[in-house]
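Below: the structure, in structure tokens.
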Amino acid sequence: MSVTTCIITLLFLNVYTLAHVQTNEANVTETSVQLYEKGVEAYLENRWADCVVYFEKALGKYRKYRKKVQSCRLKCKNEAEFSEPLYPVDNDNLLFFERAIRQTLCIMECENDDPEILENYIVNMETGNLFEEQRPYEYLHICYFQTNDIIKAASSAFTYLVAHPDNKVMASNLKHYFDHNIDKKDIVNYEAKDYVYLYVHGAESYEHKDWQSVIFNMEESLTEYIQAEEECRAQCEGPFDHGWYPDFIPSISNHFTVCLKCKQKCRKTLGSLNGEIHDDLLPSHYHYLQYAYYKTGNLKAACQAVASYLRFYPDDETMLDNLRYYSKQPKVQEDYFHPREEAVRYMQRQIYENKILKFVNKEFNTTLKSKLKSEELEKKLYVTMNEKELKGSKRIVMDGLATTKECQTLTEIAKYFAIIGDGYDGRRSPHTKMEKFEGITLSRTLFLTYFKLLRPKYLDMFLRVTENTRKYIKKYFKIKKKLYFSFTHLVCRTALPDSPKIRTDLSHKIHADNCNILKNQTCVKAFPAFTWRDYSAILYLNDDFEGGEFIFSSDLNGLNIQSSVKPRCGRLVAFSSGPENLHGVKAVKTGSRCAIGIWFSHDPKYADKDRNVALRVLENNLDFHLDPSIDITGFNFDVKNDKKLKT
């Protein structure tokens, strides 16, 4: 069953928003992030009942927090807009700033009066994306399954799949749950908004020609949709690092532009009906309503719905035909064709915002446009877990270090050109007999490019993506010294076909990167440890596999797991390489886990010379001679056996 089939099949199921995951009000002092962490810990320790409890509470608490923050922002915006000005004449945009000050004071009072907002405020800055992207359901569906609650397991998988329709692993999980003979009508999307339920029932009523029900459900859905979009837009008005140009007016403009781009995505996000995308979801309400009102004899309301729809699609032939038809009806007056107020207001805002964004994108001068582009790149990067959340020092998880296309390309390079046991003397399974290890070094990528088996743009991508990781690691950890690349390794760990689903071994045992850890936890900097390594990083390229979580541990045996990180495209785990950051990798149960391992050193003696050669290759368009100082005698490279990457 394809992902699309799974989602469309479930589209017209009963979607009850009141059937969301139930939460217990115990432990009210714990934040949603703390509950999330406890859920992950319970998952890693196979405490399935605890896993369910913690994730349910985390989701419930985050929903309440998000709703309250959105309500504060919307309430304060409305109060400021309709407040009596301090002075009747606006001069030098003072009215705008007066309202901004009033809105700020209102938000501060609103949020300070609610302890739940204050205690969860860190969520909005760094870890809210875990909840916004429905990441708890990645764990929760398994925990439900392990506690024999198949319906909730399937519903959790479905909820995650709605947000990530291309996730093949979750689609496979959902299909597996279907094999347990469950009734598809019992499966719900736990995060469905109220308008989804109302719209689906309105569409069903239309099919059954129950016109009063169509009117009721579509009018209610329209109201709920507009409210949901306002809440989504309010969610975009969070904190922001002004970064490159913190001057007064530029900082306001920059923050506004980033918020506006976020708000423009709300329509697309809300246009998903349980995974099926409807670009015209909002205006389609008017399409249903115009016919339902006509069938019930309310011609004025039908004409208003027609005019409202044409505000969105003025050249729609079907609706223009309807307009002409209604115009010929004897009781219809010309003033009936006034679009509804909410449609006019929505489209006026939409048109103005589009014009502003067009101006920003196309008409700014080259310098400012370049800086805005740089700021957009910064905005895409965000800290997912900080040192406190990872429960250790000098460690961080960031998202956005690689695009989907870059991840796919680099993964394809690994699967075409990686060598079995690369870096481990050709040993197929150097860490665990249950997995196959394949890798490709930067030097191999360089030679593939030289022999024209790999296009230069892919070598450039490899260098650029890894250089970005170095830049942001240095920036985040505030490293003042020079930070050199020591070794870069594109690797895939693949579960062997005959490996069991339930495994207790690790894909990579717990260790430190620059010293040997003895049984008494002493760190000895000696061979075979890479003692010159100062910082380590793993940039993940995919998530279409099971297992493979990165873990930090306070002991060598993994008895006390401090934190866990699920791989996904563009996610970076970075940390200092010493004994303060013992780490390992959970077993890859199915599929291949691909990532780029990167190690850095402050010592120029251990700087990777291949990187400088690769940069020269690109600068000279491959018109170069091999440096005789580079030893290629031990390089495992057979031109005859290598395949060209498809482009």
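The values are calculated or read from the model by the stated rules, or taken from the named source; none is laboratory data. All values reported here derive from a predicted model rather than from experimental measurement. Cβ coordinates were reconstructed from backbone atoms using ideal geometry, including for glycine residues, and neighbour counts include every protein chain displayed.
Across region 516-566, what is the total count of residues that are aliphatic (A, V, I, L, M) and without any contact (Cβ under 8 Å) to a residue 12 or more places away in the chain?
First, the residues of region 516-566 that are aliphatic (A, V, I, L, M): 517-518, 524, 526, 529, 537-539, 541, 551, 556, 559, 561, 565.
Those left that are additionally without any contact (Cβ under 8 Å) to a residue 12 or more places away in the chain: 518, 524, 526, 559.
Looking only at that region, the number is 4.
Per-residue answers, yes or no, for (1) surrounded by fewer than 16 Cβ atoms within 10 Å (Cβ to Cβ); (2) at pLDDT below 90; (3) of a type in the set (K, R); (4) not assigned by TED's automatic domain parsing to the domain that holds T29:
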residue: N78; (1), (2), (3), (4): yes, no, no, no
residue: F82; (1), (2), (3), (4): yes, no, no, no
residue: D92; (1), (2), (3), (4): yes, no, no, no
residue: F97; (1), (2), (3), (4): yes, no, no, no
residue: L105; (1), (2), (3), (4): yes, no, no, no
residue: P115; (1), (2), (3), (4): yes, yes, no, no
residue: V123; (1), (2), (3), (4): no, yes, no, no
residue: E126; (1), (2), (3), (4): no, yes, no, no
Of these, S577, S536, S564, which one is at pLDDT 90 or above and over 23 Å from Y484 (Cα atoms)? S564
Mind telling me which of the residues C106, C143 ends up being assigned to a helix (DSSP H, G or I), more than 26 Å from L44 (Cα to Cα) and not β-branched (V, I, T)? C106
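Does at least one position in region 479-498 carry a residue that is exposed (fewer than 12 other Cβ atoms within 10 Å of the Cβ), in the same structural domain as G591 (by TED's automatic domain parsing) and of a type in the set (V, I, T)? Full working, then the answer.
Filtering region 479-498 down to residues exposed (fewer than 12 other Cβ atoms within 10 Å of the Cβ) leaves 480-481, 497-498.
Those left that are additionally in the same structural domain as G591 (by TED's automatic domain parsing): 480-481, 497-498.
Now narrow it down to the ones that are of a type in the set (V, I, T): none.
The answer is no; no qualifying residue exists.
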Of the numbered conditions (1) closer than 30 Å to Q146 by Cα; (2) touching a residue at least 40 places away in the same chain (Cβ under 8 Å), I502 satisfies every one except a single condition; which is it? (2)
Is there any pair linking a residue in region 462-482 that is in contact (Cβ under 8 Å) with a residue 12 or more places away in the chain and farther than 15 Å from S601 by Cβ to one that is among the acidic types (D, E) and not in a loop (DSSP other than H, G, I, E, B), with Cβ under 9 Å and at least six apart or on different chains, and which? V465/E406
Every residue from region 254-305 that is under 28 Å from the mean Cα position of the chain (by Cα) and of a type in the set (F, W, Y): F256
Counting only residues that are within 26 Å of L260 (Cα to Cα) and among the basic types (K, R), give me the helices (runs of 4 or more DSSP H) lying completely in region 278-356 with at least 1 of them. 299-312
Inside region 380-404, the number of residues satisfying the requirement of being part of a helix (DSSP H, G or I) and either modelled with pLDDT under 90 or touching a helix residue (DSSP H, G or I) at 6+ places or on another chain (Cβ under 6 Å) (or both) is 2
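Could you tell me which of the residues L459, L454, L463 is modelled with pLDDT under 85 and either on the phi > 0 side of the Ramachandran plot or in contact with a Leu (Cβ under 9 Å, 6 or more places away or on another chain) (or both)? Quick ask: steps written out before the conclusion?
On the way: L459 fails: modelled with pLDDT under 85; L463 fails: modelled with pLDDT under 85.
Result of the check over L459, L454, L463: L454.
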Members of region 569-596 that are out of contact with any strand residue (DSSP E or B) (no Cβ under 6 Å at 6 or more places or on another chain), of a type outside the set (G, A, S) and within 25 Å of G400 (Cα to Cα): C569
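Suppose we filter region 471-501 for residues that are of a type in the set (D, E, K, R) and touching a Ser or Thr at 6+ places or on another chain (Cβ under 8 Å); how many remain?
Our first condition is that a residue be of a type in the set (D, E, K, R); within region 471-501, this holds for 471, 474-475, 478, 480-482, 493, 498, 501.
If we keep only those that are touching a Ser or Thr at 6+ places or on another chain (Cβ under 8 Å) as well, we get 493, 501.
Total satisfying the criteria: 2.
Being over 27 Å from R66 (Cα atoms) and not assigned by TED's automatic domain parsing to the domain that holds D544 narrows it down to one of E224, E231, E220, E207, so name that one.
Values: E224 fails: over 27 Å from R66 (Cα atoms); E231 fails: over 27 Å from R66 (Cα atoms); E220 fails: over 27 Å from R66 (Cα atoms).
So the residue among E224, E231, E220, E207 that is over 27 Å from R66 (Cα atoms) and not assigned by TED's automatic domain parsing to the domain that holds D544 is E207.
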Between a residue in region 579-607 that is at positive phi and outside any strand (DSSP E or B) and any residue that is modelled with pLDDT under 95 and surrounded by fewer than 24 Cβ atoms within 10 Å (Cβ to Cβ), which pairs come within a Cβ distance under 8 Å, given they are 6 or more apart or on different chains? G591/V169; G591/T494; G591/D544; G591/F545; G591/E546
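Condition test on T504, is it of a type in the set (S, T, N, Q) and closer than 25 Å to S601 by Cα?
On the way: of a type in the set (S, T, N, Q): yes; closer than 25 Å to S601 by Cα: no.
Spelling it out, it is not the case that T504 is of a type in the set (S, T, N, Q) and closer than 25 Å to S601 by Cα.
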For region 157-185, which positions are in contact (Cβ under 8 Å) with a residue 60 or more places away in the chain and of a type outside the set (A, V, I, L, M)? F158, P165, D166, N167, K168, K175, F178, K184, K185
(1) over 21 Å from K586 (Cβ atoms); (2) at pLDDT 90 or above; (3) touching a Ser or Thr at 6+ places or on another chain (Cβ under 8 Å): which one isn't true of N468, the others all being true? (3)
